[in-house]
Amino acid sequence: MIEFDRVSFSYGARRILKDVSFSINAHERVAILGESGGGKTTVLKLTLGLINPDAGRILIDEVKINDKTEDELRPIRMKFSVVFQEGALFDSLSVKENVAFYLREYTRMSEQEIDERVKELLRMVGLEYAVEMIPEELSGGMHRRVSIARLLAAFESKMFLYDEPTSGLDPANSDIICGLIHDLSKNGKGFVMITQKVTDAIKVADRFIVLKEGMIIFDGQKEQFIGSTLPELQVFLSELSLVLKSRSCIGS
């Protein structure tokens, strides 16, 4: 579904990606890891056509998206449900009205049907009790879950894209978001998860792509990632090892 073919991108003189190539099928559960500023979110923006590469090709379902107009990109972007780190809820609207927004804009559902659908979606993300709350009353984890519910209301996409979905969240809320990501992929709909938190990626992803200095230094399955001896991966694996040891000590 997503294919990068020797893609390069720079912000001015600063190189972000260099000759990056990979392909991801719609059913795969993929985590893209890397240091801050290492090009992870740039991959997501390129996938959606929000920015254009300096070189190389980007294909979505075998259609090259380089230099397409906004009108041409619209049906391509609708193949994805995107959860950005900020959440981007409407501040002046309640949780109910945020989730109902796209239903009112793009469907012919009655108000009763919209109410039932909103309740169903909020139940899916465990927030049916927050229906009348406004965004400023929500915790970070709740904010992300409402964002996911609103995306589910918008349209039926082929794949999820998550931009740092657990960034800034405490462990309990991170676990809730990871559980939701896992549950939403049970029907065969895959995802790409952009993250620095390897402990969260391990919970949900099957395949790992690691970026460093604008290049892919690892692309493989979870078992290969965990067992890797590449020196460049040790910063991620040491974090994972510390968490596993901590949990072992708590349980002993």
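The values are calculated or read from the model by the stated rules, or taken from the named source; none is laboratory data. Only a predicted model underlies this, so the values are computations on that prediction, with no experimental measurement involved. Backbone-built Cβ (ideal geometry, glycine too); neighbour counts: all protein chains shown. Just the protein is used for accessible areas: all its heavy atoms, side chains included, with ligands, DNA and RNA removed. Shrake-Rupley method; radii C 1.70, N 1.55, O 1.52, S 1.80 Å.
The table below gives the values:
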{"quantity": "Selected residue [open to solvent by 10 Å² or more (accessible area, probe 1.4 Å) and over 25 Å from Pro135 (Cα atoms)] from Glu156, Glu213", "calculated": "Glu213"}
{"quantity": "Residue count, region 53-76 (criterion: in contact (Cβ under 8 Å) with a residue 40 or more places away in the chain and open to solvent by less than 90 Å² (accessible area, probe 1.4 Å))", "calculated": "7"}
{"quantity": "Contacts under 7 angstrom Cβ, first residue in region 153-168 being farther than 19 Å from Met124 by Cα, partner modelled with pLDDT under 90, 6 or more apart", "calculated": "Asp163/Val83; Asp163/Phe84; Asp163/Gln85; Glu164/Gln85; Ser167/Gln85; Gly168/Gly140"}
{"quantity": "Residues within region 180-203 that are closer than 18 Å to Asn25 by Cα and open to solvent by 30 Å² or more (accessible area, probe 1.4 Å), tallied", "calculated": "4"}
{"quantity": "Selected residue [touching a Pro at 6+ places or on another chain (Cβ under 7 Å) and either surrounded by fewer than 21 Cβ atoms within 10 Å (Cβ to Cβ) or modelled with pLDDT of 90 or more (or both)] from Ile114, Ile134, Ile177", "calculated": "Ile177"}
{"quantity": "All strands (runs of 3 or more DSSP E) inside region 12-124 with 2 or more residues being hydroxyl-bearing (Ser, Thr, Tyr) and closer than 20 Å to Met159 by Cα", "calculated": "14-24"}
{"quantity": "Complete set of residues in region 1-30 that are open to solvent by 10 Å² or more (accessible area, probe 1.4 Å), of a type in the set (A, V, I, L, M) and over 19 Å from the mean Cα position of the chain (by Cα)", "calculated": "Ala13"}
{"quantity": "Test: residue in region 87-101 that is free of Cβ contacts under 8 Å to residues at least 24 places away in the same chain and more than 30 Å from Val118 (Cβ to Cβ)", "calculated": "no"}
{"quantity": "Any hit, region 94-105, residues being modelled with pLDDT of 90 or more, among the hydrophobic types (A, V, I, L, M, F, W, C) and within 20 Å of the chain's Cα centre (by Cα)", "calculated": "yes"}
{"quantity": "Members of region 109-152 found to be more than 12 Å from Ile177 (Cα to Cα) and in contact (Cβ under 8 Å) with a residue 60 or more places away in the chain, listed by number", "calculated": "Arg150, Leu151, Leu152"}
{"quantity": "Residue satisfying all of: in region 218-227; closer than 18 Å to Lys197 by Cβ and open to solvent by 20 Å² or more (accessible area, probe 1.4 Å); modelled with the lowest pLDDT among these", "calculated": "Ile226"}
